[in-house]
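Notes follow once the structure below has been shown.
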Amino acid sequence: MENDYGVPTAPIVTSRFADYVQRDGRSHGMHLRWSFPPYPVGFVSKETLHGYVQGNDPISSAPLMEEVLFALTQPLTDAEKNPKIVKRPNRPRLLEPATEENLHRLFLENGWTDGLPIILPTEERVAEMLTGTDHDPQEVIGMMSVTTHEERLQYTVERVAVNAVMAGARPEHFPVILALGASGRPSLPSSTTSFASMMVVNGPIRNEIGMNSGLGALSPVNYANSVIGRAWTLMSINLGDMRPGATFTASTGTTINYNNMCFAENEENSAWEPFHVRKGFKRDESTVSLFRGWNVLTMGLGPATRMLEVMKSIGGPFGGAFTFICDPLVAKSLKNEGYADPMKLSEWLVNELNPRFKRPEMVNFIVAGGEMNPMWVTTDFSYFQSVSIDPWIPKAGIKKDAKPLRMPEPVLCKDGSCGISH
Amino acid sequence: MKKNGEKITVLDPIGQPSGVFGSRLDPDSMPWAIHDPANQPRDTAEKLSHLKMAPRLDSLEGKTVYLVNTGFAGGAEFMAEVQDWFTRNKPSVKTELRHKKTSMFTDEPELWAEIKKNGDAAVIGVGG
């Protein structure tokens, strides 16, 4: 309004976001004339709102509406007429040498971690991580910001390697982590509603690096799933400029942000085409598919009609996005119901849910699990994109350790029952 | 790894400033597209540094002020109270209350053009 239309404007934002919007304005070179009523204005009585409008701005202590009149009528100052964007200084490649103990403290106290212990990114460790790709360490591969307005940070292959080391990853995991970096997509984008993210790996790399797509695919029982998912969060913190309260506003937050539901699809036991094939990739390509939403509900059982009942009960705020994580037994059962192509199931569900909302691509299905129970997990996650991992894999193949680190495989008896009671 | 208090050197994990900002979405974007880096515009610091605030009015007497509800929870009710304040305290000011048709995240050039054509100033809220 101010620049494009030449209309003097008084923006009003609740006081809870005073710092956030003032910083946002300054970073864009504009010192807008804000007014801040108390927070919140949603879900409060008419009398309360009346008091807010009649009362003072809690930030400035001035009468709110006097501020609005001031914003529209007082001549601009020289600073307002000639705004300047303050440039951030470039970051160094190396930090000042310090003891191991002090460096751990530095990383933690600067908010460069997820609060869990990290592996310190020494030059030797980062150099070893870089053997996991042929790409030049100084190649800039993306930009990221957890906010939607502030300056994005850009990063090289090496900076991604630093965060991969911190997460505890090995060079064999690095191509997947680089694909995440190349997406430019943070796993914890800033929203007061507390977004959660999910990442699903398809293709040959799943098994080469020992990812879990079977029993406990979403549980902390697999090294690759754990460190790759964590690396996405550390990248979002450090490469996406995540600073709680400043650029990150998740009100309650979500524990999903620790690992981002990182798992592989159980292509071997699925009755359906692999997810990435349904999205246009070849079966022998490796991809990582990215999703975002809020809620995860477990213990869905039964046929497609039961899925529809669940969807009706948890419609999302924007009309309904759903991603179902189905045990292989579910996919087989649904195929027997007549849904050999899950897109047909998506079409049926969407049509039954809301015929006007004809977006079957908003309902997706992933197959994972150990065939212990024919159940599905319901999420309100939207699918965003699938990123190819192959360009990041060395020509000589995935760089594995002489003896790759692997956690114990799930114990199953030969007939698959293991005394499980149904 | 060095032990016994010996100093070691590690790499900085933080990204570099790019001079690139996200800004406004196309008017026909989906509401959640603001959170999708693939859809976000990429304004540079140089471009943003040319943004200017509009000249202020000498007075609001006899002027038309548009009150725009952005769509956050409580915004409609709050802006109605603002309109009521103008009616009671600044009766010479004509107010027009509008609600964004799309979402709080998307641009709405038709509304801005209407305000430019028929209005003198705008009050936009409530963010957050």
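Details
- In the protein assembly as shown, the DSSP beta bridges split such that about 60 percent are antiparallel, to the nearest 5.
- Candidate cross-link partners of residue A:312 among the lysines, defined by an alpha-carbon separation under 18 Å and a same-chain spacing of 8 or more, comprise A:358.
- Out-of-range pairs (alpha-carbon distance over 19 Å; input B:52/B:116; A:46/B:90; B:63/B:116; B:94/B:116; A:282/A:344; A:81/B:47): A:46/B:90; A:282/A:344
- The GluC sites (Glu not before Pro) found in the stretch A:183-275 that occupy coil by DSSP, while having at most 13 further C-beta atoms within 10 Å, are A:268.
- Taking θ as phi - 60° and the Karplus parameters 6.51, -1.76 and 1.60, the scalar couplings of the stretch A:199-210 work out to 9, 10, 9, 10, x, x, 5, 3, 7, 4, 9, x Hz in sequence order, x denoting glycine and proline.
- Shape of the stretch A:247-390, Cα gyration tensor, a/c cut at 1.5: rounded
- Prolate/oblate/rounded label for the stretch B:64-125 (Cα gyration tensor, a/c 1.5): oblate
- Annotation: amide H of residue B:97 within the under-5 Å range of B:67, sequence separation 5 or more or interchain, hydrogens built in the peptide plane.
- Fewest-first sequence of B:20, A:140, B:126 by Cβ atoms within 10 Å of each Cβ: A:140, B:20, B:126
- Its Cα gyration tensor gives the protein assembly as shown an equivalent ellipsoid; the semi-axes, largest first and in whole Å, are 46, 31, 19.
- Ranked list, fewest to most other Cβ atoms within 10 Å of each Cβ, for A:135, B:50: B:50, A:135
- Shape call, the stretch A:345-398: gyration tensor on alpha carbons, a/c limit 1.5: oblate
- Each of A:159, A:406 was scored by other Cβ atoms within 10 Å of its Cβ. Listed from fewest to most, they are A:406, A:159.
A short reminder: the numbers here are calculations on the coordinates, not readings from a lab. Keep in mind that what you see is a predicted model, and the values were worked out from it rather than measured. Backbone-built Cβ (ideal geometry, glycine too); neighbour counts: all protein chains shown.
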